[in-house]
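Chemist: Pasting a structure below so you can have a look.
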Amino acid sequence: MYDEQQRPGRDHGHGPLSGFTVGVTAARRADELAALLQRRGASVVHAPALRIVPLADDSELLAATKELIDQAPDVVVATTAIGFRGWVEAADGWGLGEDLIARLRGVELLARGPKVKGSIRAAGLTEEWSPSSESMAEVLDRLLDEGVEGRRIAIQLHGEPLPGFVESLRAAGAEVVPVPVYRWMPPEDIGPVDRLLDAAVTRGLDALTFTSAPAAASLLSRAEQRGLLPDLLGVLHHDVLPACVGPVTALPLQARGIDTVQPERFRLGPLVQLLCQELPGRARTLPIAGHRVEIRGHAVLVDGALRPVPPAGMSLLRALSRRPGWVVARAELLRALPGAGRDEHAVETAMARLRTALGAPKLIQTVVKRGYRLALDPAADSKYADI
């Protein structure tokens, strides 16, 4: 569903993401991510690419929990706070909570990061070690340096693949017991995902966010099922910014040759801050008719004032901005209009609405019998002459 743009921010009456549309694929914490984006002015399209199997209903987790209680591991690696809490809560629901805590109290307990440490301590346990980098690669290095041959290592999974982690431990002689705290399944209603894909391939999104590798893999899989994968990969290469919360999340996209942006800290807040830097930085800014015009996804900043523009108007403006100052023929502009037919009168109608939306009619000049051009300032002509 397309969410309404939120209240304007303090900077020029708008936020850093005003005028941009961001897709959210998350199932968990989607509301939190959407709120962070909207607070900064973005419009949000949310479509959970996956759903989570409830912990208490997961027979795989129950079997793994019983196995660890019956046969103690040497090491337990806790990877996420919500996953570790969920594991303990599920065990309580099965009547195994006390037995699980007792078993974990007697093993080497490693925590991936500070949030996981908090969950471990809330359960009355104490972690032996946690990496300063919050990286599973550092956890792996520590285990391999200690030596894992003949040791039994339980790893609390969190819905994302851990490429090379389990394989490296097994290759070094460890017995690895995966603990699938929750599992990802396809969404029950695929409609929102299809609408998100349609918005992406028609360039109705400026960025697409991913907070888990399974969500990225699921979206790519659905695009392939619909025959849209080449189109999706094309827009992710050039037009729609793929933003991932961390390197593990990015792996399915990287496997398809897609470069992503990632924050230094693998959290939702830094992910949103990264978008606040990247999207405005990608916007086209031109000096036109004495004004500073910044072209965003579905709006334009004219001298810092936000001007929402209809989709047809944005299509025309982008076509004109590809050759600023040059005349663009009506026939070419007609082809740029979404769903336009053969009547060039549609260009005149959309152009009139575009000028009204911009609030500065002189930004776009009509060149009689030829077409339209952006009224690029003379001093800028040489800069954009070869574009």
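The values are calculated or read from the model by the stated rules, or taken from the named source; none is laboratory data. Just so it is clear, the model here is predicted, and its values are computed rather than measured. Positions of Cβ are backbone-derived with ideal geometry, glycine not excepted, and every protein chain shown enters the neighbour counts. Just so you know, the surface numbers come from the protein's heavy atoms only, side chains and all, with ligands and any DNA or RNA stripped out. Shrake-Rupley method; radii C 1.70, N 1.55, O 1.52, S 1.80 Å.
Chemist: What per residue convex hull volume, in Å³, comes out for the chain when only alpha-carbon positions are used?
Modeler: So the per-residue Cα hull volume is 162 Å³.
Chemist: Moving on. From the alpha carbon gyration tensor of region 52-132, can you work out the equivalent ellipsoid semi-axes (sqrt of 5 times each eigenvalue) and give them in Å, largest to smallest?
Modeler: Sorted largest first and rounded, they come to 20, 15, 11 Å.
Chemist: Assuming 1.002 mPa s and 20 °C, estimate D for region 214-368 with Stokes-Einstein, Rh taken as the Kirkwood radius over Cα pairs, in µm²/s.
Modeler: The Stokes-Einstein estimate is 120 µm²/s.
Chemist: May I pose another question? Using alpha carbons only, how many degrees (0 to 90, rounded to 10) separate the axis of helix 311-321 from the longest principal axis of the chain?
Modeler: Compared with the principal axis, the helix lies near 70 degrees.
Chemist: Please state the charge dipole magnitude for region 105-221, taken about the Cα centre, from unit charges on C-beta atoms (+1 on K and R, -1 on D and E), reported in debye and rounded to the nearest 20.
Modeler: Dipole size: approximately 300 debye.
Chemist: Per residue of region 141-155, what does 6.51 cos²θ - 1.76 cosθ + 1.60 with θ = phi - 60° give for ³J(HN,Hα)? Whole Hz please, x for Gly and Pro, Karplus curve as stated.
Modeler: 4, 4, 4, 5, 5, 5, x, 10, 4, x, 8, 9, 10, 9, 10
Chemist: Place a +1 charge on the Cβ of each Lys and Arg in region 187-333 and a -1 charge on the Cβ of each Asp and Glu, then give the dipole magnitude about the Cα centre in debye, rounded to the nearest 20.
Modeler: Values: 16 positive and 14 negative charges, 97 e Å.
Here the size comes out at about 460 debye.
Chemist: Roughly how many debye, to the nearest 20, is the charge dipole of the chain about its Cα centre, given +1 on each Lys and Arg Cβ, -1 on each Asp and Glu Cβ, and no other charges?
Modeler: Computed about the Cα centre, the dipole is about 2220 debye.
Chemist: Helix 345-358 versus the longest principal axis of the chain: what is the Cα-based angle in degrees, 0 to 90, to the nearest 10?
Modeler: Helix 345-358 sits at roughly 70 degrees to that axis.
Chemist: So, one more: Which of the GluC sites (Glu not before Pro) found in region 184-282 are in a DSSP loop and have at most 11 neighbouring Cβ atoms, other than their own, within 10 Å?
Modeler: Answer by residue number: Glu188, Glu264.
Chemist: Excluding ligands, DNA and RNA, what is the solvent-accessible area per residue of region 49-116 at a probe of 1.4 Å, expressed in Å²?
Modeler: 43 Å²
Chemist: 222 nm [θ] for the chain, helices only, -39500 (n - 2.57) per DSSP H run of 4+, per residue, to 500?
Modeler: Estimated from H runs of four or more residues: -12500 deg cm²/dmol.
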